[in-house]
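Undergrad: What follows is a single structure, and I will ask about it in a moment.
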Amino acid sequence: MSSDRPTGERPTSIHLSSDRPTGERPTSNHPTSNHPTSNPPSSDRPSRFRQVGALRGRGAGLLTALLLACTSLLGTGAPARAETAGTGPTAATIAESLAKDPVHVDPSYAAAVDPTQEQALVDRIAATGLPIKVVLVPLKKGDAFDGDAGTLAAVVKERLGEQKLILITTDEYGKRLTGTEWPADTHQTRDAVSAVGFLRELDDAGLAARVAKAVELIKAGNGTEVYEAETARIDKEYSARPKDEEHASGGGSTTLLAVVAVLVLAVAGAAFVMRRRRSPRHTVFSFPDAVFAADQAADEAGMRLRAAAELLALGEAVEQADGADTPGLSRALDAYDAAGRVLDAGRGLPDLVGVLALVEEGRSALVPAPGLPLCFFDPRHGTAVRRTTWRPLGRRERVDVAVCEDCGQALRARRSPQVLAVRDRGRTVPYFEVPAERSLWAATGYGSLLSGPDDTLAARVGTGEFSRARQRSEDHDGAATD
């Protein structure tokens, strides 16, 4: 059984050394601090600074181009995008609704949030004095947001054109809520909204009550404290269960199912929990083709749109940050620069996901208490909630990785987490099985496998590791076709 915890030391990883290539990077127009970073001296860059405002213009132009590109895909058989009729709610219709009312409820959610409850939410939001908006819409593959909650948030924010915004949305699974705040997570929005899913008092609560609680926690500004307390409680309850209980009565795990119910995960795969008394405590597991089905059909254009929007949002956050009060501003600038390089040079879904990981690294640098990276198994799952030890298939050593709640539950039940899949040597494999010398993302686990605070994704991109790995991959693919 995997051993996990909300936080922990990062494992050591192998570094590739090289001189940092010359080039410009963005900067804020605020003074920077003397906070030490892993960046080389400014003399290594012929032009250290340029205004983020100018780069925001570049980012906005890129986003506009991407929107047009996505629209052009309609004639190529690609899934319909945000301005297409017949695919459910669009960014335009949602933004139009939010201009009149801070709560948008799709008709499919009318039974969960009736007009009286919706008005109560509007009044509660107004009482906070915060720029909170709520979007409750169903998400599915092929819709205007390709079924992705992150894309929904980023595109709606771009449509609204508001600099300061707190957005609460449904997630892609329809079971939980997600929270995003711009330009920075000042009110601990992400943790506040995530905490709602763990509160015992809301076990039987409806959607309206959950949204109301999320608004309350955002206003209180203690979402991280509540989130950490609730996840610690759940971890304690899980750890306290009898060790032999999962094998009792033929092997069904009553306690595990109870914990899953508390987490509102309703794990349908519980039937796959090991039932034999002699099963090893830590089992390796394979990754069946079914796990990769969604990834093989992934919409790269949609992910590029999301990556561009999130990069633009990070640039706005950096521009508005006060250097005197933000010790990690220099790191955030490095992450912004690195994410832009990867977005420009990226050639597939893994690189676009890398942009999301770099943006997350930049966001984390802007807050007083940096959090965990994105989920190791698939960064599209969102920010990890804890670190856990895991043994890769076919290896003896265990590694320490950051995981989202769903992947953590899968590991506990000895099921295969849903992973980000890539093509390598004609096979579909988990991204982390690609040799590290040919993939920066395999080498770093999108941030999970970094060796410590001074080892960052941005620093590795800056030293050319991303470019060299990409070149090796291209050379390898070329040799394989000769």
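Undergrad: One residue is enough: does segment 286-299 have a residue meeting the conditions on the phi < 0 side of the Ramachandran plot, open to solvent by less than 30 Å² (accessible area, probe 1.4 Å), in contact with a Gly (Cβ under 9 Å, 6 or more places away or on another chain) and modelled with pLDDT under 90?
TA: yes
Undergrad: Then there is this: Give the residue, chosen from E433, E405, that is within 25 Å of H381 (Cα to Cα) and surrounded by 21 or more Cβ atoms within 10 Å (Cβ to Cβ).
TA: Sole residue among the options that is within 25 Å of H381 (Cα to Cα) and surrounded by 21 or more Cβ atoms within 10 Å (Cβ to Cβ): E405.
Undergrad: Go over the candidates A153, A184 one by one and state the one that is under 16 Å from R363 (Cα atoms), out of contact with any strand residue (DSSP E or B) (no Cβ under 9 Å at 6 or more places or on another chain) and open to solvent by less than 40 Å² (accessible area, probe 1.4 Å).
TA: A184
Undergrad: Is segment 445-452 home to any residue that is touching a strand residue (DSSP E or B) at 6+ places or on another chain (Cβ under 7 Å) and over 22 Å from V355 (Cβ atoms)?
TA: No, segment 445-452 contains no residue that is touching a strand residue (DSSP E or B) at 6+ places or on another chain (Cβ under 7 Å) and over 22 Å from V355 (Cβ atoms).
Undergrad: Look at A469 and say whether it is modelled with pLDDT of 90 or more, at negative phi and surrounded by 21 or more Cβ atoms within 10 Å (Cβ to Cβ).
TA: The answer is yes for A469.
Undergrad: Continuing with this model, one more query. So for segment 125-148 (the condition being open to solvent by 20 Å² or more (accessible area, probe 1.4 Å), more than 30 Å from L329 (Cβ to Cβ) and modelled with pLDDT of 95 or more), does at least one residue qualify?
TA: Yes; the residues of segment 125-148 include at least one that is open to solvent by 20 Å² or more (accessible area, probe 1.4 Å), more than 30 Å from L329 (Cβ to Cβ) and modelled with pLDDT of 95 or more.
Undergrad: Name the residue, out of R347, R387, that is basic (K, R), more than 15 Å from V419 (Cα to Cα) and assigned to a strand (DSSP E or B).
TA: R387
Undergrad: Looking only at residues that are out of contact with any strand residue (DSSP E or B) (no Cβ under 7 Å at 6 or more places or on another chain) and of a type in the set (V, I, T) in segment 111-141, which one is nearest to M303 (Cα to Cα)?
TA: The residue in question is T128.
Undergrad: Now for a separate question. Taking the options R386, R427, R412, R472, name whichever one is within 27 Å of I234 (Cβ to Cβ) and over 18 Å from the mean Cα position of the chain (by Cα).
TA: R412
Undergrad: Suppose we keep only residues that are touching a residue at least 60 places away in the same chain (Cβ under 8 Å) and not in a loop (DSSP other than H, G, I, E, B) within segment 104-117. Which one would you say is nearest to P131 (Cα to Cα)?
TA: The residue in question is Q117.
The values are calculated or read from the model by the stated rules, or taken from the named source; none is laboratory data. Computed from a prediction, not measured in an experiment: that's the story for all the values here. Cβ: placed from backbone, ideal geometry, glycine included. Neighbour counts: every protein chain shown. In case anyone asks, the SASA skips ligands and DNA or RNA and just uses the protein heavy atoms, side chains included. Shrake-Rupley method; radii C 1.70, N 1.55, O 1.52, S 1.80 Å.
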